[in-house]
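Here is the structure we will look at.
What follows is calculated from the coordinates using simple rules that are stated; it is not laboratory data. Here the structure is a predicted model, which is why all the values come from computation and not from measurement. FYI the Cβ positions are ideal-geometry reconstructions off the backbone, even for glycines, and counts take in every protein chain you see.
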Amino acid sequence: MKLSRAPEVANPFIVFRSVESLAGLTRRAALLGAMTLPAGCTAMFPVRGTKLRAAARSSGRFFGAAVQAEQLRNDSLFRGVVAQQCDSITPELELKWGVIEPAPGRPVFAQMDQIAAFARTYGLRLHGHTLLWHQSVPGWASQSMVEAKDWNIVGRYFAPVMARYSDVIDWWDVVNEPIEATEDGSGDCLRRSVFYEAFGPDYIRSALETARAIAPRAKLLINDYGFEYSGKDEQFRRKGLLALVDALQRRAVPLDGIGLQAHLDLSREPLDQMGLATFLKEIADRGLLIQFTELDVREADRSLPIPLRDQAVAEAARALLDVVLDQPAVRGISTWGLSDRYSWIDVDPDGRRHIGRNRGLPLDVEMQPKPFWHALVEAFSGRPSTGARAAAVIFDQGQET
Ligand code: G3I
């Protein structure tokens with residue numbers, strides 16, 4: 001499928017290549033309202049441009065991206081483009097238990113507060129990623145949960161965190177990545193995490209019920225990965241997730257939706273569009289909302305010329321978007337980062353970061369839109385919202401100017 005550059009989009013961003021032009025824009029940005037970040041920082045807005053969020057809103061949905069507090073603090077151009085392009089932002093790191101509460105009873109909110117302040121300043125929503133994730137549990141909590149098997153250890157964490165951000169967080173990834181398929185798909189396909197070890201499979205019910213009691217108006221999600229391709233693992237994972245949902249719904253456990261991460265991988269076979277469409281319908285038929293929460297594309301061959309690389313990334317994203325945006329239950333798309341300037345895929349296991357090595361996000365390292373960005377705009381714009389879908393928009397988006 002040939003992706004044409006969206007005709008109406010010239011160059012929606014003016015990239016500030018020199019400090020002088022940044023200084024010039026600093027004065028303009030100061031008129032637009034300074035950030036509530038450290039003194040001397042001001043938002044730098046590209047002075048004109050098409051917005052991903054406007055395209056998403058035209059289809060009755062929202063667009064978001066994962067960010068880090070450090071990126072918002074130190075990169076004024078990135079700040080401005082996030083504020084311009086997004087309806088919603090997701091803390092990539094700062095709202096994880098392992099980051100918030102390294103020592104029992106002494107939560108550290110400073111980094112997350114900066115992201116929340118940014119969201120409040122620019123009228124963005126926050127996606128609550130995430131309350132329970134086996135990869136980010138403080139050591140003391142793992143030990144005491146397994147020893148004491150006391151759910152209050154978890155409840156004492158949920159309560160202050162959910163209350164602190166209740167004005168900006170509409171959606172919570174209450175449980176992240178609970179699914180783990182066995183080789184042959186047998187059993188309950190639930191990950192034997194520290195939560196499972198401490199509380200059994202019922203931890204998922206307890207987490208959802210605790211979250212509902214603390215934040216009755218928030219949308220509660222289970223968020224997971226590995227559903228987009230046609231492998232055996234994907235089939236088992238889809239079956240496992242639906243079985244989990246059915247078990248929870250049989251017991252009237254509060255659950256409003258499913259987050260599908262969608263970390264795409266160009267080394268895989270083509271996307272299983274039919275299987276994915278069926279899976280989304282099975283989730284929607286259970287009365288659940290859907291968000292795509294962490295969309296990005298891991299490249300396979302980075303030796304190709306950049307235009308071919310960007311085209312391959314855009315076509316993979318478009319193959320997903322053409323399926324998911326035909327499903328009314330899909331309420332929003334968030335990418336896992338907005339610019340190749342900051343992608344987790346560029347960080348080696350030893351922590352070394354290779355900026356721009358992977359070109360799997362909508363904007364390049366210069367914050368210029370790539371074919372992926374145009375694929376998002378075209379896919380959203382090609383599916384204008386119907387009355388019903390528009391009415392189901394989850395939070396007040398107002399009218400995009
Ligand atoms: O900032 C420190 C740096 O100072 C230090 O030198 C370095 C040493 O390794 O670590 C740096 O922090 C790392 C941080 O990313 C920032 O790069 C942490 O070690 C590393 O664990 C952390 O990884 C994040 C990971 O979740 C664990 O929280 C990734 O950025 C983030 O993209 C990833 O996101 C997950 C989602 O939450 C769930 N779905 C999968 C997704 C990708 O794994």
Listing of strands (runs of 3 or more DSSP E) fully contained in the stretch 159-275 that carry 1 or more residues being crowded, with 22+ Cβ neighbours inside 10 Å and not charged (D, E, K, R): 169-176, 219-224, 257-260
Identify the single condition in (1) out of contact with any Ser or Thr (no Cβ under 9 Å at 6 or more places or on another chain); (2) within 16 Å of the ligand (Cβ to nearest atom) that residue 64 does not satisfy, given that it satisfies every other one. (1)
Which residue, of 90, 182, is touching a Phe, Trp or Tyr at 6+ places or on another chain (Cβ under 9 Å), among the β-branched types (Val, Ile, Thr) and within 12 Å of the ligand (Cβ to nearest atom)? 90
Which residues, counting only those in the stretch 142-154, are touching a residue at least 40 places away in the same chain (Cβ under 8 Å), buried (at least 16 other Cβ atoms within 10 Å of the Cβ) and out of contact with any strand residue (DSSP E or B) (no Cβ under 9 Å at 6 or more places or on another chain)? 142, 145, 151
With the requirement that a residue be without any contact (Cβ under 8 Å) to a residue 40 or more places away in the chain and either within 15 Å of residue 122 (Cα to Cα) or among the small types (Gly, Ala, Ser) (or both), what does the stretch 50-88 give you? 84
Which residue is surrounded by the fewest Cβ atoms within 10 Å (Cβ to Cβ), if the candidates are limited to the stretch 333-356 and must be more than 12 Å from the ligand (Cβ to nearest atom) and in contact (Cβ under 8 Å) with a residue 60 or more places away in the chain? 341
